[in-house]
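S.K.: So that we are looking at the same thing, I have put the structure below in structure tokens.
Readers should treat all values here as calculations from the given coordinates under stated rules, not as data from a laboratory. Keep in mind that what you see is a predicted model, and the values were worked out from it rather than measured. With ideal geometry, Cβ positions are generated from the backbone for all residues, glycine too; neighbour counts draw on all protein chains shown.
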């Protein structure tokens, strides 16, 4: 799938289509074969004979039509006119920029320069770095997530790193997230309270995490 990019921030054209979009596109393409109905046909059925609320529709699709949780969720969303960003690259990119704007609205607005600086540093690693915002976090991809920006409080961004493959003793500044035990990608984090916190050590660990995701 060709990757397109867009952004509302000062760092124009930095966001990339989330890998999950391609997965949902594949699901939509194979829905007729797997279930006997295409997505438009499922939506029409839900609107015609399904329950009136989105939540009830999800349960109805699972119970009466034996659909999986994800399939029921996506179909119920589409019946409400929502969820286009999950399978349409341009809709996702528009939503991605809005996710970031909302993430740093209100009391977290002061964290936005830190966010933008992390992205600038990450993009200097290589042209294949992809920034793919979700609603509450901003994952950074190479082949997989190698880092993650999360505005955890009004005064702190947690910059997460995928360091499960890293060798040797970690410095105290790298806080263990417990991710390795839970088999999460992000295993360590460094709190960032100011742009100046993004120093050589932070850049080093971004590079380490990026390099570890070479395959």
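S.K.: Once you keep just the Cα pairs under 8 angstrom separated by 6 or more residues, what percentage relative contact order results for the chain?
M.R.: Working: 320 pairs, mean separation 36.0, N = 215.
RCO, the chain: 17 percent.
S.K.: Using the alpha-carbon atoms, what tilt in degrees (0 to 90, nearest 10) does helix 89-103 show relative to the longest principal axis of the chain?
M.R.: The helix 89-103 is inclined about 50 degrees to the chain.
S.K.: Suppose the chain between residue 199 and residue 211 were pulled fully straight at 0.36 nm per residue; how much longer would it get relative to their current alpha carbon spacing?
M.R.: On the way: separation 12, 0.36 × 12 = 4.32 nm, distance 1.85 nm.
Here the segment from residue 199 to residue 211 would lengthen by 2.5 nm.
S.K.: Let me ask something else about it. Taking the alpha-carbon set of the range 100-215, what are its Rg and Dmax in Å?
M.R.: Both quantities, over Cα of the range 100-215: 13.2, 41 Å.
S.K.: Relative to the longest principal axis of the C-alpha atoms of the chain, give the angle of the C-alpha long axis of helix 69-79, reported between 0 and 90° and rounded to the nearest 10°.
M.R.: Long axis of 69-79 versus the principal axis of the chain: about 70 degrees.
S.K.: Could you give the nm distance between label points at residue 124 and residue 45, where each point is 7 Å from its Cα heading toward the beta carbon?
M.R.: Label at residue 124, label at residue 45, 5.4 nm between them.
S.K.: When N counts the residues of the range 20-86, how does its alpha-carbon radius of gyration compare numerically with 2.2 N^0.38 Å, as a ratio?
M.R.: On the way: Rg = 10.9 Å, N = 67, 2.2 N^0.38 = 10.9 Å.
Against the compact-globule rule of thumb, the ratio is 1.00.
S.K.: Okay, moving on. Can you tell me which of 87-96, 100-109 comes out highest on packing, and rank the rest after it, using the mean Cβ neighbours within 10 Å?
M.R.: Numbers: 87-96: 19.5, 100-109: 15.1.
Packing proxy ranking, top to bottom: 87-96, 100-109.
S.K.: Moving on. Report the relative contact order of the range 20-86, percent, no decimals, based on alpha-carbon pairs under 8 angstrom and at least 6 residues apart. Kindly include the intermediate steps, with their values, before the conclusion.
M.R.: Working: 47 pairs, mean separation 21.1, N = 67.
Computed over the range 20-86, the figure is 31 percent.
S.K.: Follow-up. So how tilted is helix 200-212 from the main axis of the chain? Cα-based, degrees 0 to 90, rounded to 10.
M.R.: Helix 200-212 sits at roughly 50 degrees to that axis.
S.K.: Looking at the chain, what % of the alpha carbon pairs are farther apart than 33 Å? Please list the in-between numbers first.
M.R.: On the way: 6202 of 23005 pairs.
When every Cα pair of the chain is considered, 27 percent fall beyond 33 Å.
S.K.: Post the alpha-carbon centroid distance, the range 36-96 to the range 101-159, in whole angstrom.
M.R.: 30
S.K.: Could I ask something else about it? For an R0 of 25 angstrom, estimate the FRET efficiency from the Cβ-Cβ distance between residue 98 and residue 164 and round to the nearest 0.05.
M.R.: The computed FRET efficiency comes out at 0.20.
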